[in-house]
1. Between a residue in region 253-278 that is of a type in the set (A, V, I, L, M, F, W, C) and any residue that is part of a loop (DSSP other than H, G, I, E, B), which pairs come within a Cβ distance under 6 Å, given they are 6 or more apart or on different chains?
2. Residue by residue through region 577-618, note down the ones that are more than 26 Å from residue 538 (Cα to Cα) and of a type in the set (D, E, K, R).
3. How about region 109-210: which helices (runs of 4 or more DSSP H) wholly inside it have at least 2 residues that are among the aliphatic types (A, V, I, L, M) and within 23 Å of residue 446 (Cα to Cα)?
4. Run residue 454 past the list (1) in the same structural domain as residue 291 (by TED's automatic domain parsing); (2) touching a Phe, Trp or Tyr at 6+ places or on another chain (Cβ under 6 Å); (3) surrounded by fewer than 22 Cβ atoms within 10 Å (Cβ to Cβ) and report the number of the one that doesn't hold.
5. Would you pick out the residues in region 86-135 that are over 15 Å from the mean Cα position of the chain (by Cα) and among the polar types (S, T, N, Q)?
6. Scan the helices (runs of 4 or more DSSP H) fully inside region 226-306 and keep the ones with 2 or more residues being surrounded by fewer than 17 Cβ atoms within 10 Å (Cβ to Cβ).
7. Identify all residues within region 619-646 that are within 36 Å of the chain's Cα centre (by Cα), part of a loop (DSSP other than H, G, I, E, B) and either surrounded by fewer than 19 Cβ atoms within 10 Å (Cβ to Cβ) or β-branched (Val, Ile, Thr) (or both); write none if there are none.
8. Can you name the residue in region 532-582 that is surrounded by 15 or more Cβ atoms within 10 Å (Cβ to Cβ) and of a type in the set (Val, Ile, Thr) and is also nearest to the chain's Cα centre (by Cα) among such residues?
Amino acid sequence: MSATTETQTEKLTFRKYKDGDTKIKRWQEQIFQASWSHKCPTYVQSTPPCQGSCPSGEDIRGYLNIVRGVEKPPMGADGKPVMPWQEYAWRRLTEANPLPAVMGRVCPAPCETGCNRNMVEDHVGINSVEHFLGEYAIANNLQFKKPEKLTGKKVAVLGGGPAGLSVAYQLSLKGHSVTIFDDHEFLGGMMRYGIPGYRTPRDVLDAEIQRILNLGVEVKLKCRVGTDISMDQINKDFDAVFLGMGAQGGRPLPVEGTENVSNVVTATSFLKAFNDGRLKHVGKRVVVVGGGDTSIDVATVARRLGHITTSKPTDWEGAIAGQMAQDVADISMRQGAEVVLTSVFPVDKMMASKPEIEHAQAEGIDIMGGWMPVAVIKDANNRATALRVCQCEAKMVGGRLEIKKIEGSEKDLPADLIVSAIGQAIDFTGLEVFNNGKGTITTDKAYAVQGKPGVYAGGDVIRPHLLTTAIGHGAIAADGIDQFLLGIEPGRRPKIDVHVFDLMRKLAEKGTTVEEAREPLRGTDSSKVAVHNYENRSDRYVIPHDELFLGHFQYTPRNKRHITHLNKESALGNFEERLDPLDEKQAINEAKRCMSCGLCFECDNCVVYCPQTAVYRVKKTEATTGRYVATDYDKCIGCHICHDVCPTGYIQMGLGE
């Protein structure tokens, strides 16, 4: 036995047993014995947790495998790829999400929270690879492929935000004619009028929206259904309707003293005034009430706008109210604004993404966690001079927020401007028939509106959530609308409703087809009616980390995007984008960190370690992604070794159960 005095300098990766473990699994669960010899390898495709956590249902594992080089683009008659791998990966990604350059920047990436690689050292930078592919597509002017023929059916989409754009995109690909009605000057919804331009550059947003419109989507701007045109007229002119108006009305502070106070505004009106170009500077002291990403956006915008000593309160109040735009002549006199953000939750429990919170704090924004608003303090002119707050304890109970006030902890926060970022509301003017009485719209799991055949809804009109959630709603609703228009009885949506790798499509790309199985058929290993011992459980099973051989993966640091960090001084007047995309080499290396959970990534472990040489590589002429190895069951003794050394959990033991 040898010993070493070398010091461990790298972070440890997976360990079979942790310090303090006292229990071991029964050896019979892992090692062959006679009564278990009926179990042999089966090849089971499962949904990885990244995809299971993605509200828009992207085939994340699929496009990462393309970027890393495991899955290749199909070959043309000339023996060359029909497209670059970057385009192939982008097309796989955009089957679910047509806005990757935007989402790659602003999505809080719940997929990364779910990533099994977190059990090794750190998640895969999924968002950064998406960002890279979105930028590639814009730089190379990639376009979606129009359908070969139209169905003659017409669909009205109310709202041009992420949900409306998503459903318009998916329906256009299916051959239906789509018209978007939006009451703004430009499309984009909260992506344009809610999120600041330094997070979603307008040229990027415009490019991705235009690509959708190039499919033949018609647009009627500054036209609100319910006021400019009636819902009855929409029903007469169109075969189906999608409600994606969003929730662009703000919720006022539910405290004493807010009535008719001009310098107490909502986050939506504040951000719209900024994104419209009307709001150029704010008061010296700004208090934001919230705790989510929107409140962070308001606070960081206020820090960048700053204060001008010679300005009057009516300057910014009028700009926010939409009465006038501020004069930019004196912007050179801009000074810093004191910005305070309050949240009923402690800072580490706030809804906003952790990186955005950290950026805000670095920029000099004072975040007060565990404080609730109590009242607005006003002067004789009915203008707010301060926000009275007190300490509190907040928690979610049964899906409802309960807040316990700590008596005697009140204090006043001086304020020239108070912004409420505590939620959003939907404007149902002219569309009251869809209001479920709770200020939202009720739908089924396919996003069909109850009691309204041919009417579907998605996005914030169902419940305010992430932009990527709205995109997912649009994609699922498009399937339902398509079935309705074609007179097809809608089937049940899968338990795990995401886009996944399609082995049958990959075989067809290769030129290998699987025939339809017809009775009588009672077992075979040579007929072409099925793929050899393969099962796709992606619609019902998310594979956990403990079904992977994590010991295969070595410590590999994440390839992180460059972020420009600002401080209190440099944030003032800085409206440049902070986030740079990965370069091609970095994107490839980051994709290689993906563990391809639930699908073979061709590591050869099973072939190398099989003691009976029962597991073998499929012939190159017949092989494709997901069909790299097979088993000779005349040789297999059911020893489980191939299953134990499979890093991705693609090999399961079965056949006799």
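1. Within 6 Å, the pairs are 264/258; 267/421; 271/194; 273/279.
2. 577, 578, 580, 583, 584, 585 - these are the residues of region 577-618 that are more than 26 Å from residue 538 (Cα to Cα) and of a type in the set (D, E, K, R).
3. 162-173
4. Of everything listed in (1) in the same structural domain as residue 291 (by TED's automatic domain parsing); (2) touching a Phe, Trp or Tyr at 6+ places or on another chain (Cβ under 6 Å); (3) surrounded by fewer than 22 Cβ atoms within 10 Å (Cβ to Cβ), residue 454 misses just condition (1).
5. 86, 116, 118
6. Per the criteria, 231-237.
7. Result: 622, 623, 625, 645.
8. 542
The values are calculated or read from the model by the stated rules, or taken from the named source; none is laboratory data. Nothing here was measured: the structure is a model prediction, and the numbers come from that model. Note that each Cβ is placed from the backbone with ideal geometry, even for glycine, and that neighbours are counted across all protein chains shown.
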